[in-house]
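Here's the structure, in C-alpha cells; my notes come after.
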Amino acid sequence: MKNLLGIPFIASCLVSVSALAASPVSEIRAFRTSHQQEILTQYVELLKIPNIASDREGIRRNADAILTQMRRLDLAPRLLQSSATPDAPPVVYGEWKVPKAKRTLVLYAHYDGQPVNPAEWTTGPFTPTLRTGPITAGGTVIPADTPASQLGPDVRVYARGSSDDKAGVIVILSAIDALRSLHRQPTDNLKVVFEGEEEAGSPHLRDILQENRALLAAELWVVCDGPVHQSGKKQVIYGARGDMNVNLTVYGPNRPLHSGHYGNWAPNPALRLARLLTSMKDETGKVLVSGWYDDVSPLGATERQAIAAAADYDETLRQQLGLAATESDRPLNEAIALPSLNINGMRSGNVGDQATNMIAETATAVLDLRLVVGNDPQRQYQKLLAHVRAQGYYVIEREPTAQERLTHPLIATMYAKPGSYAAARTPMDDPFARAIATSVRATSDQPLVELPTSGGSLPLSIINEALGTRSIVVGIANYDNNQHSANENLRLGNLWDGIDTYGALLTHAPLSRTH
C-alpha cells in the first residue's frame, strides 16, 4: 500500500499529467487560442475577395492569396490547371512529406462560392461583418476592429464563403500552421487540395486529377466542407450524393400578351410549367418519374445501423424551421439516402411592384437532381426526359424555331447544365477512415455522429473515378449557416473547434477534451 500511495504513485501521476499537457492537440489548442487574432484577420481578408466561379479575375485573386499563405507554411504550393482549359479556375496544391510515413492523406476544401444577389443580403456579401449572433435572432453588428480575444464563440461572421467553404481553407491551413510552429509532424504524408469551382459542379476537376495522378496518389481524402450535425455534435460522413442541374423552359405566345384581351385563349406558360412540375412528384415527396429509384444501391447493415444510431433531431428541426409537417414521412437521414428531384427556382413574368397584366412568352425552372450510389447521371436525365415527353411535349435543347412553334402545341427546351457527377460512398469499416473518425471522436465529450452519406453533394465520385481513392467528409460549420443563400455565416466557435479537430486528425494523437 505504501508503494501505491507514496513516491512511485505520485511520480506516475506526474508523468501522466506531463504527457497530457504535451499532447499534440493540447498544444494545437493552446497555439490556436494565442493566435486567434492572426487567424481571424487572415480569414476576414480572404472573405473580402469575391469568389464566384464565373469571375475568373476574382477566382485568381483568391488562388494567389491562398498560395501566399501556403508558401509561408513551406507547403511548396503550385497551381494545377487543366491543359484542355487553361483559363479554368485552378486547383491550389501543396504538400508536406513526412519521413517514414506509411500512408498519404489529402485534405480538400474549395475556395469558390455560390452566386450572390446583393439585394438579398443584410450587409454586403463580400464585406465580412461580425454580429453578436444570428441575424434572425437579433444579432447586432460588432465593430470590425474588436479584438478576437473579446469575441465569444457564438459571434457570427457574415460573408459569402464564410462557411462554404473558405472556413475549410482557413481551418486546414491553421492546423498546419500550428504543427509547423510547434515543430510537430503529421502522422501521415500530407497533401492539400483547394478547388476553385466546386460550386459550379467541378467541371474541370476530373481533367486536373487525371493529369496529376502520380502527384495526387494517396490512400484517403478528407473533405472539409459542410456542417457538423444539427444537434451540434461532430460528425464524420462516409459519402455524398451526386448532383445534376437541369434547365427546363416551356413556351406560350412568341410575345407578351395583354391578359385581359387574350386570357382564357392564349396558353399561359407559367400554368403549363406548374402542371408539368406537379406531374413529377406526389404530395408525399415520391418522385413519379418512371424508374427513378430502380438503380439505387441499397445501404448495408452497418450503414442502416449508423442511421438508426444518429441523433434523432427531426422534431427539433421542424420546430426551428416552422414546419407543421415534412414532405416525407421518412426520417431526414433516411430521406437523404434516396435520389431527389428539387425545384431550385422558377421564373415567368414579374411579381410584386413589377407585376403587369400580361401572359408571358416563357416559363423556366431549374431542377436539382440529387443522385445516390447506383444512379448514373445521364441515365437519370434520360428518365426525366422520357417523362417530359410522356406529358406530350416536343423536347429540344435549344430555342424553338417559328415553324416548330406552329407545328407542336407543347414545346420544352431541356438540357443538363455542365458539372454533373455521380454519388460515392466509402465503406464505414475502411481502416484509414476509421482512424480519422476515432481522432474526431476523441475531441468531444459528446458522441460522434457517423452517417453513410450526406444530403449535399461533393465531387467524391470524381476523385474516386479519376484516382481510385476513397473520401470521407469532416465538416466544421454550424448547421444554420445559410450556405448557398443570402446572409451566409459562420459561428466563430465552430472555426476554433474545427482547427482543433483537424489538428487531431493530422496527428492521430490521444486528446485532451478540455475546451
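The values are calculated or read from the model by the stated rules, or taken from the named source; none is laboratory data. Treat the numbers as computed from the prediction; the structure is a model and nothing was measured. Quick reminder, even Gly has a Cβ in these numbers, built from the backbone with ideal geometry, and neighbours come from all protein chains shown. When the accessible area is computed, the model is the full protein with side chains, heavy atoms only, and any ligands, DNA or RNA have been set aside. Shrake-Rupley method; radii C 1.70, N 1.55, O 1.52, S 1.80 Å.
How would you order 98-104, 428-434, 200-206 from highest to lowest mean count of nearby Cβ atoms within 10 Å?
Peptide ranking by packing, descending: 200-206, 428-434, 98-104.
Going by alpha carbons, how many degrees (0 to 90, nearest 10) lie between the helix axis of 56-72 and the longest principal axis of the chain?
Orientation of helix 56-72: about 10 degrees from the principal axis.
If you fit an axis through the alpha-carbon atoms of helix 7-21 and take the longest principal axis of the Cα set of the chain, what angle between them do you get, 0 to 90°, nearest 10?
Tilt relative to the chain: about 30 degrees.
Calculate, for the stretch 414-515, the solvent-accessible area per residue in square angstrom, rolling a 1.4 angstrom probe over the heavy atoms of the protein chains.
Per-residue accessible area for the stretch 414-515 comes out at 32 Å².
What net charge is computed for the residues neighbouring residue 255, neighbours being all others with C-beta under 15 Å from the C-beta of residue 255, Lys and Arg scored +1, Asp and Glu -1?
Local charge sum for residue 255: -1.
Can you tell me the FRET efficiency between residue 74 and residue 213 if r is taken as the Cβ-Cβ distance and R0 is 22 Å, rounded to the nearest 0.05?
Computed FRET efficiency for residue 74 and residue 213: 0.35.
Taking the Cα atoms of the stretch 286-375, report the difference between the largest and smallest coordinate on each principal axis, in whole Å and largest first.
57, 34, 15
Given only helices, namely DSSP H runs of n ≥ 4 each adding -39500 (n - 2.57), what is the per-residue ellipticity at 222 nm of the chain, to the nearest 500 deg cm²/dmol?
Calculated at 222 nm, the ellipticity per residue is -10000 deg cm²/dmol.
Within the chain, how many Lys pairs sit with Cα atoms under 17 Å apart, leaving out pairs fewer than 8 places apart on the same chain?
7
Would you mind telling me the share, in percent, of accessible area of the chain contributed by carbon and sulfur at probe 1.4 angstrom?
52
Got the relative contact order for the stretch 229-322 handy, in percent, Cα pairs under 8 Å and 6 or more residues apart?
Normalised by residue count, the contact order of the stretch 229-322 is 26 percent.
From zero outward in steps of 10 Å, how is the percent of C-alpha pairs of the stretch 164-276 spread across the bins?
Taking all Cα pairs of the stretch 164-276, the binned fractions are 9, 25, 24, 13, 12, 11, 5, 1 percent.
Classify the stretch 110-175 as rounded, prolate or oblate from the Cα gyration tensor: take a ≥ b ≥ c as the square roots of its eigenvalues, call it rounded if a/c is under 1.5, otherwise prolate when a/b beats b/c and oblate if not.
oblate
If packing is taken as the mean number of other Cβ atoms within 10 Å per residue, what is the order of 280-286, 388-394, highest first?
Output ranking for 280-286, 388-394: 388-394, 280-286.
Using only the alpha-carbon atoms, what does the stretch 56-141 span along each of its principal axes? Please give whole angstrom values in decreasing order.
Each principal axis gives a Cα extent; for the stretch 56-141 these are 53, 34, 21 Å.
With Cβ to Cβ distances under 12 Å as the rule, what net charge do the other residues near residue 48 carry (K, R +1; D, E -1)?
Result for the local shell: +2.
With angles folded into 0 to 90 degrees, how steeply does helix 24-34 sit against the dominant principal axis of the chain? Use alpha carbons for both and round to 10.
For 24-34 against the chain, the angle is about 70 degrees.
How much accessible area per residue does the stretch 131-235 have, counting only protein heavy atoms and a probe of 1.4 Å, in square angstrom?
34
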